[in-house]
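A quick write-up on the structure given underneath.
The values are calculated or read from the model by the stated rules, or taken from the named source; none is laboratory data. Nothing here was measured: the structure is a model prediction, and the numbers come from that model. Note that each Cβ is placed from the backbone with ideal geometry, even for glycine, and that neighbours are counted across all protein chains shown. Remember, those area values only see protein heavy atoms, side chains included, never the ligands or the DNA or RNA. Shrake-Rupley method; radii C 1.70, N 1.55, O 1.52, S 1.80 Å.
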Amino acid sequence: MDMKKILLFCICTLSATLAFSQAKKPTLMVLPSDFWCNQNGYVQEYDNQGITTVMPDYQTALMSDVDLKLVIAKINDLMAERGFPLKDLEQNIKMINQQNAEMNLITSNAGNTLAESPIDRLLRVAKADIIIEVTWDIKEQGPKRTLTYIMEAKDAYTGKSIGGANGASSPSFSADISVLLGEAVLANIDNFNNRLQAYFDDLFTNGREVALEVRVFENNEAGIDLETEYDGYELVEIIDDWMAANTVEHRFSKLGSSENYVAYEQVRIPLYKTNGMAMDTEAFARELRSFLRKEPYHIPVKVLNRGLGKTVLVLGEK
């Protein structure tokens, strides 16, 4: 009997260990920080619906700066050794460039426009859970070099900071930036990774935070707005109820609404669909679109991406 108990205990312990070792980890993508890009001249101007915005130019940086490639490769290696899946910045930029059908501006038949910035598009295509922005500098003291670094982790969907790490290598005769970076990062990387994992684990319980907007095309063919009634309920009330039924623990914040507009933030969506596939903002928005297309609404809906963490549904036209 005692041997059976011991055997059962061993089996349970082994099962728990295997389950823990197979726990899902967040997908990461390493980027140079905005500060580093600006300091090194790797920026570009972006016309955001008439407003000029300065954005990092990752493609030029990768083509011009070998140190950047070495830094990203080294951090990727350190994270991969610890079991984190990774999205490579350079490969995702190439993927975007190959998508000839990708449009900078989407226009409705009524002339309404909604833009998506280059960085929004990058994050949406890569679909990493967490981005790690890295800044580094090398000081030379005679023949010796010292590297200092800052890493900051951000939620790729919201841009909110998760945690950071910083440090410096010991003065070294080595000219290899990856060696200096590895030495500097190793002292803090495990605590840094623990914070990333804890944050991702929280998403399993409380859902991923995204934003959603619902707009109405002016003078749309369907002849509807958010005050149109169905069985005595305004359309905006019906959408509110759908949001409550499909978010994790009914958690979302409604910022405000009018007959043509309603905005939701802090929308907690499940990490996975019922079929086990990953859920993102676009997939969640398309579920709402499917609901609005059905009886008794039959509303045409256009889904527009505004990056990984925000989607706009425009009602009344396709």
I'd like to know if region 130-137 contains one or more residues that are part of a strand (DSSP E or B) and free of Cβ contacts under 8 Å to residues at least 24 places away in the same chain.
yes
Of (1) touching a strand residue (DSSP E or B) at 6+ places or on another chain (Cβ under 6 Å); (2) open to solvent by 80 Å² or more (accessible area, probe 1.4 Å); (3) modelled with pLDDT of 95 or more, Lys87 satisfies all except one. Which?
(2)
Does Val216 meet the test of being surrounded by 16 or more Cβ atoms within 10 Å (Cβ to Cβ), β-branched (Val, Ile, Thr) and out of contact with any Lys or Arg (no Cβ under 9 Å at 6 or more places or on another chain)?
yes
Tell me, please, whether a residue that is modelled with pLDDT of 90 or more, basic (Lys, Arg) and at negative phi can be found in region 159-182.
yes
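So that you can scan it fast, the table gives a plain yes or no per residue for (1) in contact with an Asp or Glu (Cβ under 7 Å, 6 or more places away or on another chain); (2) modelled with pLDDT under 75; (3) under 20 Å from Thr281 (Cβ atoms):
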site	(1), (2), (3)
Ala19	no, yes, no
Lys24	no, no, yes
Tyr42	yes, no, no
Ser64	no, no, no
Gln98	no, no, no
Pro118	no, no, yes
Val125	no, no, yes
Ile130	yes, no, yes
Which numbered condition trips up Ala187, out of (1) closer than 17 Å to Gly163 by Cβ; (2) in contact with a Phe, Trp or Tyr (Cβ under 6 Å, 6 or more places away or on another chain); (3) not hydroxyl-bearing (Ser, Thr, Tyr)?
(2)
Subset of region 219-235 that is without any contact (Cβ under 8 Å) to a residue 12 or more places away in the chain and assigned to a strand (DSSP E or B) - its residue that is least open to solvent (accessible area, probe 1.4 Å)
Glu234
Could you tell me which of the residues Lys144, Lys160 is more than 19 Å from Met79 (Cβ to Cβ), within 19 Å of the chain's Cα centre (by Cα) and either touching a residue at least 60 places away in the same chain (Cβ under 8 Å) or open to solvent by 70 Å² or more (accessible area, probe 1.4 Å) (or both)?
Lys160
Is region 202-213 home to any residue that is open to solvent by less than 30 Å² (accessible area, probe 1.4 Å), assigned to a helix (DSSP H, G or I) and modelled with pLDDT of 95 or more?
no
For the subset of region 41-100 comprising residues that are without any contact (Cβ under 8 Å) to a residue 60 or more places away in the chain and of a type in the set (Gly, Ala, Ser), which member is farthest from Thr148 (Cα to Cα)?
Gly50
Which ones in region 254-294 are assigned to a strand (DSSP E or B) and either over 30 Å from Asn219 (Cα atoms) or open to solvent by 40 Å² or more (accessible area, probe 1.4 Å) (or both)?
Lys254, Leu255, Ser257, Tyr261, Glu265, Gln266, Arg268, Ile269, Tyr272, Ala278
